[in-house]
Amino acid sequence: MKIAVIGLGNMGQPIAQNVLQAGYRLTVYNRTKEKTEEFASQGAQVAKTPRQAAETADIVVTMLSDDNSVSAVTFGKDGLIEGLSENGIHISMSTISVEFSEKLAAAHAEKGQSFLAAPVLGRPDAAANAALRIIAAGPAEAKKTAKPLLESLSQQVFDVGEESKTANAAKISINFLLVSMLEALSESFLMMEKYGLEQKQFLAIANALFSSPVYQNYGTIMAEQTFEPAGFKMSLGLKDTNLALAAAEQVSAKLPLAELAKSHFENGIEKGLGNLDWAALITCIEK
Ligand code: NAP
């Protein structure tokens, strides 16, 4: 089985490494060519365009920033959709909108190709340890073909059905839960400080009840104010909050908490905090 990985950023690099480790033949493409060099030295083929990468592969994995970058690489000049064979599979692991996921599924189906949405939970260290959690959706046959590959990149694969957009909506909802946690924990920290309780002391009490790595990790980042270097930038937090609001609008659902967090992120970004970790939401609220 031949695999192409397009997008060698913080997440795509460790994913491509694990594709090699799992023994697949790998082709890589990245807009900035320097990032392909270490893969060339390990025996991977380097493609000059997304189309060329797709021509070499049974499955093309894209791990790019957002809708715009996945669109450029798929539908732009020398895009992957023109290189992928009939029966070829495009797996999109990026956090993209529900609407764009539907567009990708339809465009690939028109060409006799398959589209799988497989967004991920976990940061770059989880990707490096093949410990991501993947939410997968798309045609059953394509999921069956892709299963060993997805399993080699993750600790768990959730199959949420045949419609790709369900996987993207689920990923967006998980990020919305994280945003809600950041908002609630920030507000609690700030109130309890006014009662004279340090953030770390309050976190110890919260952890006794919630005992989740999510509260532990983000609570510690907030209490210690280690917002740099950002594991996940506030600007990306705003992107994902907007994705949640758009996904809700599509099905006439309401996310008032997302509206609140959006306004806090926007204020923070206006004040120049956009490159800090999104846990700096507490600073936006405080200000
Ligand atoms: P990243 O480090 O910023 O990498 C982005 C990749 O997209 C790079 O390869 C970049 O190429 C490429 N790219 C951007 N715009 C492009 C364009 N117009 N045309 C072609 N290529 C373009 O991002 P990341 O952290 O790997 O995140 C990738 C995706 O995973 C995002 O959707 C993110 O929301 C999601 N995600 C991230 C995390 C995390 O903790 N980082 C966790 C879960 C999910 P260049 O190298 O040329 O810039």
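Overall, the chain carries a charge dipole of about 400 debye about its Cα centre when +1 sits on the Cβ of Lys and Arg and -1 on the Cβ of Asp and Glu, all other atoms neutral. On the beta carbon distance between residue 205 and residue 75, with R0 = 51 Å, the FRET formula returns roughly 0.50. Let me make sure I get this right: for the chain, a, b and c are the square roots of the gyration tensor eigenvalues over alpha carbons, sorted descending. Under 1.5 in a/c it's rounded, otherwise prolate if a/b > b/c, else oblate. Which is it? The shape class here is prolate.
In a DSSP loop and with at most 16 other Cβ atoms within 10 Å, the GluC sites (Glu not before Pro) in segment 1-98 are 86. When the charge dipole of segment 70-214 is built from unit charges on Cβ atoms (+1 for Lys and Arg, -1 for Asp and Glu) and taken about the Cα centre, the candidate among 129, 149, 179 whose Cα reaches farthest toward its positive end is 129. For the chain, the membrane-span-like helix rule (DSSP H, alpha carbon extent of at least 15 Å along the helix axis, mean Kyte-Doolittle at least 0.5) picks out 164-194, 199-210; this says nothing about an actual membrane. Peptides 194-205, 156-167, 2-13 ordered by packing proxy, namely the average of other Cβ atoms within 10 Å per residue, highest first: 2-13, 156-167, 194-205.
Placing unit charges on the Cβ atoms of the charged side chains and taking the dipole of the chain about its Cα centre, the candidate lying farthest along the positive direction among 231, 60, 138 is 60. Placing +1 on each Lys and Arg Cβ and -1 on each Asp and Glu Cβ, with no other charges, gives segment 168-286 a dipole about its Cα centre of roughly 240 debye.
Laboratory data are not the source of any read-out in this text; all were calculated from the coordinates shown. Only a predicted model underlies this, so the values are computations on that prediction, with no experimental measurement involved. Note that each Cβ is placed from the backbone with ideal geometry, even for glycine, and that neighbours are counted across all protein chains shown.
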